[in-house]
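Undergrad: Below is a structure I'd like to ask you about.
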Amino acid sequence: MQSTGIFHVLVKSNYYRDSLNLLKISDIMKRHSSGIMEAVVIMGTKTNKAVLVKLGFPSSKINQATESDLIVAIKAEDKGSIDSALIKLEELLHSDGSSDTSASSSESSTDLDSVLVSKSINANLALISIPGEYVKDLSLKLSNEGIHQQIFSDHVPLDDELIIKKYAAKKGVLVLGPGAGTSIINGKGIGFSNVLRPGPVGIIAAAGTGLQEVSSLLDQCDIGVKYGLGVGANDPKEKIGGLMMLESLKVLEELPDIEIMAIVSKPPSLHVKNMIIDYIVKHGKKKYVLAFIGAGHDGSLPNSIRSKIVQVNTLASAVFAIASLTSNQLYNQSLVRLQLKPEILQNAVAKEWRGLGEQQKYIRALYTGGTFAYETQVILNGVLKDLYSNAPTGGTKKLPSASKSKKHSILDLGEEEFTQGRPHPMIDPTIRRLRLVEESQDPEVGVILMDFVLGYGSNPDPVGAVLNEIVQVKANARKSGRYLSIVTHVCGTKRDPQGYDESIRKLENAGALVFPTNALAAIASAQIISRGKLDLDRIYSRCFMERMG
């Protein structure tokens, strides 16, 4: 990945800036001059410093920075380009506001108590994104005023989450989150969200990219989603007890324009699952799809309630089930657009495994979406041996170190070890770019599997941000006498700002395979690395709901 050039590192002491603003500044700097090969403007956290060293910048200067310092790292073809970039940097930093921390001259209040007392706002939803340890007090104040909340913040103590949600339920308030990056309210996305058509479907999700995948795939099948409530990954666990899942069910049940309800989550605790099913049986007036990823099909439900509830095993199957509850026409349309018959998938990947060398035995999955990493493990467990992850589930083993892959590795790059002090990889792809090159250099790797999540909140061009690396690693593999298969899935809709069709075109032109669902991409990767020896009919029957009875 390295090439000749001049490195320049500048450390600005106690110069805190928001990471998203710094990401924008870095992008502008890269485009400022053709002589700039790399430009990174970032806070001096441990994770960020490690990334800069991997990019080739001298560690002696970088390691002088503390977490409150700003690091400016530029690689250019000549000194003139560096000087020009530094001038542009100062302009960008000052146009975005100086480092002075004094109060703004604006008359608007930034004190919550003042706003609540004055009743100067007419809002019923608050978005919370502050350090997790401070969320509880703020949330309780908002609940006391009857204000619903979307809590983006991670690392909220579990005891605090329980207190927050118990109090909110008592006050009739919805708390979405903590750690809820995605919701859809009355057809409008919040956080990481796609451009969706409105329609008769309501989704309750304890899985952010799971909500994006299901809602985007429904959109591709001409089925609209009006509400998608992200309750946070902890909600279905025994400790929280599904408090907000239940409250969300009650709210959506009362909306006359919602006809079909879906719950998307990792398998909940037995208590939470039974509570949800009991509520649906006693009070549910809608049609229901339970997508508890990896929990099994309808067979795990009592015969007496199968007419009211469909349970499926993967995100794609949730879409097929919802479509079948809508109409036969839309169900058949969903199969045409989203599913590949086993023989078609086999033909699509045959040329890939024929290029692999005998030594190439492993898949490396580099996911920005945590639900995709989870679903892939569910699909590949029992299909492949020696499966590892930094966020393991089922039979997957824990990686000794997230920085070093082992055999088949399914990485969730959104986990804390990769995001501490950095934007999420759906926003900033730097860590994935570096890991892609690193994994491709392992002679035992035959397949690299990646997701690309479009929509608001994500990188302006998730595919373009790693396209050069995809082309490079495939070319480098050829030079060393190997073939490297790149398997991908694009999560999004045709109206997303990044361009769904254009994203697919870029990947295909770079030699990558693109599949319509994450589940198919995972199965295709396994079939390639197995040289076509897997029983696809058996895998399909385990992973997909092929037809409603």
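No lab work stands behind these numbers, since they all come straight from the coordinates. Everything numeric in this text was worked out from a predicted model, so none of it was measured. Quick reminder, even Gly has a Cβ in these numbers, built from the backbone with ideal geometry, and neighbours come from all protein chains shown.
Undergrad: Distance check, please: which entries in K273/K494; K75/K506; K166/K285; K398/K533 exceed 29 angstrom between their Cα atoms?
TA: Long pairs (Cα-Cα over 29 Å): K273/K494.
Undergrad: In whole Hz, with x marking every Gly and Pro, tabulate ³J(HN,Hα) for region 125-139 from phi via Karplus 6.51 cos²θ - 1.76 cosθ + 1.60, θ = phi - 60°.
TA: Each residue's phi maps through the Karplus curve to give 9, 10, 9, 10, 9, 9, x, x, 5, 9, 5, 4, 4, 5, 5 Hz.
Undergrad: Something else about it: Modelling each spin label as a point 7 Å along the Cα-to-Cβ direction, I'd like the I130/E91 distance in nm, to one decimal.
TA: Spacing of the two 7 Å Cα→Cβ label points: 3.7 nm.
Undergrad: Nearest 5 is fine: what % of DSSP beta bridges in the chain come out antiparallel, could you say?
TA: 30
Undergrad: Going Cα to Cα from K479, which lysines come in below 20 Å? Please leave out same-chain ones fewer than 8 positions away.
TA: The qualifying lysines are K351, K361.
Undergrad: Further question on the same structure: Note the listed values (1) 64; (2) 47; (3) 54, then indicate which one is percent of Cα pairs over 32 Å apart calculated from this particular structure.
TA: So the structure-derived entry is (2).
Undergrad: Along the Cα→Cβ direction, 7 angstrom out, place labels at N328 and H155. What is the inter-label distance in nm?
TA: 5.6
Undergrad: Roughly speaking, what is the centre-to-centre gap between region 147-199 and region 306-356 when only Cα atoms are used, to the nearest Å?
TA: Region 147-199 and region 306-356 have Cα centres spaced 30 Å from each other.
Undergrad: Defining a contact as two alpha carbons under 8 Å apart and six or more residues distant in sequence, what relative contact order in percent does the chain show?
TA: Rounded, it is 11 percent for the chain.
Undergrad: Over 26 Å between Cα atoms, which of K188/K287; K287/K341; K88/K188; K287/K397; K266/K385; K54/K237 qualify?
TA: Numbers: K188/K287 23 Å; K287/K341 28 Å; K88/K188 37 Å; K287/K397 37 Å; K266/K385 22 Å; K54/K237 38 Å.
Cα-Cα > 26 Å for K287/K341; K88/K188; K287/K397; K54/K237; rest within.
Undergrad: Taking the Cα centre of region 342-543 as the origin and placing charges on Cβ (Lys, Arg +1; Asp, Glu -1), which of T396, P429, T419 is farthest toward the positive end of the dipole?
TA: Farthest towards the positive pole: T396.
Undergrad: Related question: Straight-line reach from K239: which aspartates and glutamates have a Cα under 12 Å away, not including same-chain ones fewer than 8 places off?
TA: D159, D160, E161
Undergrad: Moving on to the next point. Among L55, T4, S485, whose Cα sits farthest toward the positive end of the charge dipole of the chain (+1 at Cβ of Lys/Arg, -1 at Cβ of Asp/Glu, about the Cα centre)?
TA: S485
Undergrad: Compare the Cα positions of P131, I151, G382 along the charge dipole of the chain (+1 at Cβ of Lys, Arg; -1 at Cβ of Asp, Glu; about the Cα centre) and return the one farthest towards the positive end.
TA: Ranked along the dipole, the leading option is G382.
Undergrad: With only alpha-carbon atoms counted, please give the Rg and Dmax of region 180-338, in Å.
TA: 14.1, 42
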